[in-house]
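What follows is a short report on a single structure.
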Ligand SMILES: NC(=O)c1ccc[n+]([C@@H]2O[C@H](COP(=O)([O-])OP(=O)(O)OC[C@H]3O[C@@H](n4cnc5c(N)ncnc54)[C@H](OP(=O)(O)O)[C@@H]3O)[C@@H](O)[C@H]2O)c1
């Protein structure tokens, strides 16, 4: 595989730091530019991040001395890279405009932000689930008037556990309805216990916008391409409650599900254990070997024990059992800043590279 020069826009933030860490020693991608707000621009990356570095591993040596560029200087960033990852905390309209400016400067954008998730010709991809949606990119390029530039996004972190668990069951058994309660870590809000002391020993039953995303985004993932747009699936109906809990990393979900054609427990387990997708078939560098892991122990998966499974890129499932109101219930877990954010975006970029969209 050829080497690609990569930029991170929003490199000083929590997700940006994850990108910087994940790109250290990446076999295909080399970090050559970091960009952030005018507050950071002109400083070295080390100075700009200062005491905000929250990754478990030290800041990569090669990145410390890079001068942070102003993310708004699109041409200056674009000329130093082959594509960018984007994870900025700005107003939605500003993010939409910024990402489109990069695409129009012929610099593909792989985004962690939600701003373009419902733009009909922007693919929102979990590589194991709907890799084929990247085939919309020529239609998006035609709209933007670009040759290379486009935007591709990853979906919200809340659904990266239960959508992968439901997906292998859909074709044979048809999911008719699903109720999900998520228990989401504080890093999902870009916070630590130091920066959010109110969360110590606490649970907050509200995360702005999260329940709508958790119910609606899966339908785009399960949608199809028609006339240059991704048409969301009409079903299954999902209802969600999302709670913020006192964990650093890792989003847990409690799932209740009914099927058109009720499978046995053994059939569900067989589908989970046997499931793999294009990320595994293409042997992408960040893909977990086994995407879905089932734990038979009654007290697993646990956030602290299991979130880092396969470098935080696998999904853990447990406690599958019959329910009194729905057909079955189970719990599942994924790492929100790895599979759910930067890791998922790196995997998407690897898919795009393997399929020639970054050439
Ligand atoms: N944390 C997660 O687990 C998670 C998961 C999924 C999605 N997301 C999404 O990812 C994005 C980033 O989240 P985060 O948690 O990393 O946020 P964060 O820690 O607050 O970092 C925000 C980043 O945006 C930059 N920024 C702020 N204002 C800017 C401006 N006007 N122009 C250019 N850059 C600007 C900041 O630069 P300065 O340092 O210079 O201010 C910083 O690099 C958000 O859209 C968030 O919703 C986060």
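A few points about this structure:
- Filter result for residue 100 (touching a residue at least 12 places away in the same chain (Cβ under 8 Å), in a loop (DSSP other than H, G, I, E, B), in contact with a helix residue (DSSP H, G or I) (Cβ under 9 Å, 6 or more places away or on another chain) and over 30 Å from residue 255 (Cα atoms)): no
- Which listed residue is out of contact with any strand residue (DSSP E or B) (no Cβ under 8 Å at 6 or more places or on another chain) and modelled with pLDDT under 95, from 74, 15, 49: 15
- Within segment 328-349, the residues that satisfy the criterion of being outside any helix (DSSP H, G or I) and more than 9 Å from the ligand (Cβ to nearest atom) are 328, 329, 330, 331, 332, 333, 334, 335.
- Residues in segment 2-18 that are more than 20 Å from residue 249 (Cβ to Cβ), in a loop (DSSP other than H, G, I, E, B) and within 13 Å of the ligand (Cβ to nearest atom): there are none.
- Residue check, residue 88 touching a strand residue (DSSP E or B) at 6+ places or on another chain (Cβ under 9 Å), in contact (Cβ under 8 Å) with a residue 60 or more places away in the chain, within 10 Å of the ligand (Cβ to nearest atom) and assigned to a loop (DSSP other than H, G, I, E, B): yes
- Of all residues in segment 19-46 being assigned to a loop (DSSP other than H, G, I, E, B) and more than 13 Å from the ligand (Cβ to nearest atom), the one that is modelled with the lowest pLDDT: 25
The values are calculated or read from the model by the stated rules, or taken from the named source; none is laboratory data. These figures come from a predicted structure and were not determined experimentally. When we count neighbours, we look across all protein chains shown, and the Cβ atoms used for this are built from the backbone with ideal geometry, even at glycine.
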